[in-house]
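Beneath this line is the structure, given in structure tokens, with notes to follow.
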Amino acid sequence: MQLFESEIAMNALTRISRGIGVAFKDGRVKGLLAFTAGMILWASVFYHYVEGWSWLDSIYFSVVTISTVGFGDFSPETAAGKIFTMIYIIVGLGIFVTTATTVADTILSQNDEKSEK
């Protein structure tokens, strides 16, 4: 019984891995990932220079914010930083969700195509 469950888990991991490989070859996914990375880079540069944070802290905060995790260990202190963060959250959330949805859709459609054959 345990061997059967292991086979199912390995089969699922193989399908997911294959789906991720296909997703990263898709033009839409590449474009959205590049745009998302650009947003994170843009925000990181802003936080580094405006808030005076280190590059690591700036990148960390940008990723945590755009992904809506928001640990709360950093927060902007300047008015410009707070205004920028509000805009970054509104715009970034839409882009992040679109990117994640497109990647997931590409992976799932790959799995659907395999099961139809």
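The values are calculated or read from the model by the stated rules, or taken from the named source; none is laboratory data. Bear in mind the structure is a predicted one, so any value in this text is a computation, not a measurement. Every residue, glycine as well, gets a Cβ built from its backbone with ideal geometry; the counts of neighbours run over all protein chains shown. To get the accessible areas, we keep the full protein, side chains included, count just its heavy atoms, and leave off ligands, DNA and RNA. Shrake-Rupley method; radii C 1.70, N 1.55, O 1.52, S 1.80 Å.
General observations
- Residue match in the range 90-109 (condition: in a loop (DSSP other than H, G, I, E, B) and either at pLDDT below 90 or surrounded by fewer than 15 Cβ atoms within 10 Å (Cβ to Cβ) (or both)): no
- Candidates 32, 13 - the one that is closer than 24 Å to residue 108 by Cα, hydrophobic (A, V, I, L, M, F, W, C) and open to solvent by less than 50 Å² (accessible area, probe 1.4 Å): 32
- The test for being closer than 26 Å to residue 29 by Cα, over 11 Å from the mean Cα position of the chain (by Cα) and exposed (fewer than 12 other Cβ atoms within 10 Å of the Cβ) holds for residue 87.
- Remark: residue 85 falls outside the filter, which requires a residue to be β-branched (Val, Ile, Thr), under 22 Å from residue 20 (Cα atoms) and touching a residue at least 12 places away in the same chain (Cβ under 8 Å).
- In the set 80, 12, 37, 43, only one residue is assigned to a helix (DSSP H, G or I) and under 16 Å from residue 103 (Cβ atoms); that residue is 37.
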